[in-house]
Protein chains: 2
Amino acid sequence: MSLRMALLGLLSVSGPASGYDLTKLFESTINHAWQARHSQIYPELNKLAADGLVTVEEEGPRGRKTYTITEEGSRTIREWMLTTGPARSARDEKTLRAFLLPTLKPEEALEVLRETVRECEAKLAVLEEIERRPSRPRTAGFGRYALDLGLRHTRMMRDWAAETAEEIERASRS
Amino acid sequence: MSLRMALLGLLSVSGPASGYDLTKLFESTINHAWQARHSQIYPELNKLAADGLVTVEEEGPRGRKTYTITEEGSRTIREWMLTTGPARSARDEKTLRAFLLPTLKPEEALEVLRETVRECEAKLAVLEEIERRPSRPRTAGFGRYALDLGLRHTRMMRDWAAETAEEIERASRS
DNA sequence: AATCTCATGTAAATAGTTACATGATTTT
DNA sequence: AAAATCATGTAACTATTTACATGAGATT
């Protein structure tokens, strides 16, 4: 269901787009909250069209199909957004690794944490660069929230890794 | 692969356990980073046993099987933990919803954000309660990192939702 | 005796990944 | 002319969810 909603959401906020566009949009916007390959996106768009939630308004060169969200599609995404249910799937391999840190010896755990700090800082540099450059008006509002959450999440992770490393270091010295 | 590693990790840190125990451990510890039902856990444990990464050392009443991690299992989890690869899957439906907030009208988005704040605060109360009560020695180190990250994540989310709500309110007043 | 919790499993369906397949248009 | 990018798709495999199925032991 989430993939459907992600696609409807992107079409709703960014306007009409092709499967190819959506694949790239996925990568450049919601990538850190949800991932999908073109091999999953194309069939899903066909299903969405069959269900009347999107339409192909335009066919361009190289077989390009431009999808547009329909009234029914808009109603569907709106209802999903307003549905409050605690049944939210959350999977994060990085966090999983963090949980399993105690399986390692202190020196090994330290190395993993330091690597995490480095990765977070690299990601922060990218996100802060995006923050500085003005975005195209079409995705402005959308990008704002996404970016802000991404920045906060990455900083949180970096701080946790750094402080946990310090704690382990202190403990192993005593 | 992640489910295998989660199971090996839990067995490594918490000691021998049954599929039933592991199902509950999953829920009570790494639930916010990874989920798995018993219908996925039981077959995976059988595969792990077939691959020699765990053994059934003990069979109890009601067909209970107590799994223990083997030397090879320990080597496997250790290698996975030390492998740094940027190929980490991360899926979070809550964050996805946050991204799609611009599909809603400001008043609706506000309501969703306020609900998010309430949910985070409820979750924080639970986590802070766990933090206060002393844990059993067997899962102490494990619980520490998991809990700390969970607390930080939930606070980050709450603050983001609250501040974003304020921002939308300010914007809609002008 | 009934109900609850412990305990394990399988089957069917949906979701997601990896690999294969093809061809048009644009850029160098 | 070659290489890069645009563009869509399918097949096979793996992962995950939902629903079905069963029975033992403990508690009320």
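Annotations
- Average 1/r across all pairs of distinct alpha carbons in the protein assembly as shown, invert it, and you get the Kirkwood radius: 22.1 Å.
- Only Lys, Arg (+1) and Asp, Glu (-1) charged, at Cβ; the stretch B:1-100 dipole about Cα centre in debye: 400
- When the Cα atoms of the stretch A:1-110 are aligned to their principal axes, the ranges along those axes come out at 59, 36, 20 Å in descending order.
- Förster radius 25 Å - calculated FRET efficiency between B:L3 and B:E79, Cβ distance, rounded to 0.05: 0.90
- With the simple spin-label model, which puts each label point 7 Å out from Cα in the Cβ direction, the B:E71 to A:R132 separation comes to 5.4 nm.
- Span-like helix ranges in chain B, DSSP H, alpha carbon extent 20 angstrom or more, Kyte mean at least 0.5: none
- Qualifying aspartates and glutamates (Cα of each under 17 Å from Cα of A:K94; at least 8 residues distant if same chain): A:E108, A:E111, A:E115, A:E119, A:E121, A:D159, A:E163, B:E79, B:D92, B:E93, B:D148
- The dipole here belongs to the protein assembly as shown: it is taken about the Cα centre, uses +1 on the Cβ of Lys and Arg and -1 on the Cβ of Asp and Glu, and is about 160 debye.
- Dipole magnitude of chain B, debye to nearest 20 (Cβ charges: Lys/Arg +1, Asp/Glu -1, about Cα centre): 260
- In the protein assembly as shown, helices alone account for a calculated mean residue ellipticity at 222 nm of -22000 deg cm²/dmol, with every DSSP H run of four or more residues adding -39,500 (n - 2.57).
No value in this document is a laboratory result; all are computed from the given coordinates. Fair warning: this is a prediction, and the values are worked out from it, not measured in the lab. Using ideal geometry, Cβ is built from the backbone for each residue, glycine included, and neighbour counts are taken over all protein chains shown.
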